[in-house]
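A.B. asks: Have a look at this one before I ask anything.
The values are calculated or read from the model by the stated rules, or taken from the named source; none is laboratory data. Nothing here was measured: the structure is a model prediction, and the numbers come from that model. No Cβ is skipped: glycine too gets one built from the backbone with ideal geometry, and neighbour counts run over all protein chains shown.
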Amino acid sequence: MKVLFKHIKQLVGIDVGRAFVAGAQMNELNTIENAFILVEDEIIIDYGKMEECMHQESDEIVDCRGSIVVPAWCDSHTHLVYAGNRESEFVDRIKGATYEEIAAKGGGILNSARKLQQTSFDELYEQSRKRLEGIMRMGTGAVEIKSGYGLTTEAELKMLRVIKKLKENYPIQIKATFLGAHAMPTEFKKNKQGYTSLLIDEMLPAIADENLADFIDVFCEEGYFSVQEMEQILEAGAKYGLVPKVHVNQFNALGGIAAAVKHNARSVDHLEVLTVQDIKALTGSNTMPVALPGCSFFLGIPYTPARTLINANLPVALATDYNPGSAPSGNMNFVLSTACIKLNMSPTEAINAATLNGAYAMNLEDSLGSIKKGKLANLIITQNVPSLGYLPYSFGEDNVKHVYLKGQKIV
Ligand SMILES: N=CN[C@@H](CCC(=O)O)C(=O)O
Ligand SMILES: [Zn+2]
């Protein structure tokens, strides 16, 4: 099946032959005015200027007059498989409690873990697939989903099996991350090494046995997992081929970034707190810094200093952090707006961060994140918008007209 997208006002994100873009490169996007794209089944097979389009053979034609076409968003950090919600904690925070105080009283991640442990596989799948369908409609074409609300072997496996079933049933590209080290279960509060051992000796082999994860994550933070514990867990994960993608520097800079880089982390995520040493550790590495502005917005904590990273010639990726506690939204369009408004990123930088750099943060840059012959046909066709910058500028407005994932029309 061949689909020809014609008369595209502006085709954005033409491949530049790099795995990711960093520093000043982030402010460049290759575009073609009045363009076409030809898709065969799942794959982009040609694109170019409309006047050079020779293709007569397509099965379907999509007239894109007035629309901009961009690669679908690549959301490299979510926890979208969860049970219920944490709306009551939201109200507690409005009344003055902090995220940390709520967690210290057994709320937060442990609250979500209790809910998830009591939820059946089928119910968890049902709740999660609705969120997945929601983000697809908003233009997300690739997503990373973490476990970490199970915190027992059985419940972690349940989460990862739900992710696997989502992968099988939807055209959106999904990567799975094992985040058993998300919080210390109450019964292990006085025996932290006991939980780390359970994670390493029981959970990891069981997950590897069913091939349920691509990445391994640890919440490296005061009151959660130390740098040393993180290193121990990452080393164990590496034995099963799991690549690190870690939560670091959300509230405190503990040296987790340097340790993650040492363990060849694909990405370091959050970075609301950042030191000169952290920048040094990232310089020259292959590790992608990932900013999560939706989390800063929702919790009222500092925003990741993206300008500092970009000015240091580093790359930045943007992701939603979609989860019930710190970012209950999977809307990448809002993340782009927030990145421009609060992180002082230009619209061009934000789009690179949400496409190619996001794909790199999931090890998907060979097949997604830019317009290239042979890459997957994951495309957003916008409404009739005046310019590319209008997308993040008009925050809250729905500028997505159509979404195609692997060549299939979603909306
Ligand atoms: N900070 C750690 N994990 C999640 C939040 C988890 C929760 O509050 O449920 C995050 O990335 O923000
Ligand atoms: Zn997270």
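Condition check ((1) surrounded by 19 or more Cβ atoms within 10 Å (Cβ to Cβ); (2) within 22 Å of ILE301 (Cβ to Cβ); (3) in contact (Cβ under 8 Å) with a residue 40 or more places away in the chain; (4) out of contact with any Leu (no Cβ under 7 Å at 6 or more places or on another chain)) across all residues:
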position	(1), (2), (3), (4)
PRO324	yes, yes, yes, yes
GLY358	yes, yes, yes, no
ILE371	yes, no, yes, no
LEU379	yes, no, yes, yes
TYR390	no, no, no, yes
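A.B. asks: Here is a follow-up. Residues in segment 241-282 that are in a strand (DSSP E or B) and more than 16 Å from ligand 2 (Cβ to nearest atom): how many?
C.D. replies: 1
A.B. asks: Also, quick follow-up: Please specify each residue of segment 235-256 satisfying the condition of being surrounded by 24 or more Cβ atoms within 10 Å (Cβ to Cβ) and either hydrophobic (A, V, I, L, M, F, W, C) or within 16 Å of ligand 1 (Cβ to nearest atom) (or both). Reasoning before the result, please.
C.D. replies: First, the residues of segment 235-256 that are surrounded by 24 or more Cβ atoms within 10 Å (Cβ to Cβ): 237, 244-250, 256.
Result: PRO244, LYS245, VAL246, HIS247, VAL248, ASN249, GLN250, GLY256.
A.B. asks: Tell me which residues, restricted to segment 37-81, are modelled with pLDDT of 95 or more and of a type in the set (Asp, Glu).
C.D. replies: Scanning segment 37-81 gives GLU40, ASP41, GLU42, ASP46, GLU51, GLU52, ASP59, GLU60, ASP63, ASP75.
A.B. asks: Yes or no: segment 198-208 includes at least one residue that is more than 15 Å from ligand 1 (Cβ to nearest atom), among the charged types (D, E, K, R) and touching a strand residue (DSSP E or B) at 6+ places or on another chain (Cβ under 9 Å).
C.D. replies: First, pick out the residues of segment 198-208 that are more than 15 Å from ligand 1 (Cβ to nearest atom): 198-208.
Filter once more, keeping what is among the charged types (D, E, K, R): 201-202.
Subsequent filtering for residues that are touching a strand residue (DSSP E or B) at 6+ places or on another chain (Cβ under 9 Å) retains none.
Within segment 198-208 (the criterion being more than 15 Å from ligand 1 (Cβ to nearest atom), among the charged types (D, E, K, R) and touching a strand residue (DSSP E or B) at 6+ places or on another chain (Cβ under 9 Å)), the answer is no, since none of the residues qualifies.
A.B. asks: Quick check: anything in segment 304-314 within 16 Å of ligand 1 (Cβ to nearest atom), outside the structural domain of LEU29 (by TED's automatic domain parsing) and touching an Asp or Glu at 6+ places or on another chain (Cβ under 6 Å)?
C.D. replies: Looking through segment 304-314, at least one residue is within 16 Å of ligand 1 (Cβ to nearest atom), outside the structural domain of LEU29 (by TED's automatic domain parsing) and touching an Asp or Glu at 6+ places or on another chain (Cβ under 6 Å).
A.B. asks: Could you please let me know if VAL268 is of a type in the set (Val, Ile, Thr), under 19 Å from SER76 (Cβ atoms) and within 14 Å of ligand 1 (Cβ to nearest atom)? I'd like the intermediate steps shown before the answer.
C.D. replies: Numbers: of a type in the set (Val, Ile, Thr): yes; under 19 Å from SER76 (Cβ atoms): yes; within 14 Å of ligand 1 (Cβ to nearest atom): yes.
So VAL268 fits the description; yes.
A.B. asks: A further question follows. Any residue at all in segment 32-45 that is free of Cβ contacts under 8 Å to residues at least 60 places away in the same chain, assigned by TED's automatic domain parsing to the domain that holds ILE216 and of a type in the set (Asp, Glu)?
C.D. replies: Kept after step one, since they are free of Cβ contacts under 8 Å to residues at least 60 places away in the same chain, are these residues of segment 32-45: 32-36, 38.
With assigned by TED's automatic domain parsing to the domain that holds ILE216 added as a condition, the list becomes none.
No, segment 32-45 contains no residue that is free of Cβ contacts under 8 Å to residues at least 60 places away in the same chain, assigned by TED's automatic domain parsing to the domain that holds ILE216 and of a type in the set (Asp, Glu).
A.B. asks: Residues to consider are GLY66, GLY107, GLY96; find the one that is surrounded by fewer than 22 Cβ atoms within 10 Å (Cβ to Cβ), free of Cβ contacts under 8 Å to residues at least 60 places away in the same chain, on the phi > 0 side of the Ramachandran plot and not aliphatic (A, V, I, L, M).
C.D. replies: That would be GLY96, the only listed residue that is surrounded by fewer than 22 Cβ atoms within 10 Å (Cβ to Cβ), free of Cβ contacts under 8 Å to residues at least 60 places away in the same chain, on the phi > 0 side of the Ramachandran plot and not aliphatic (A, V, I, L, M).
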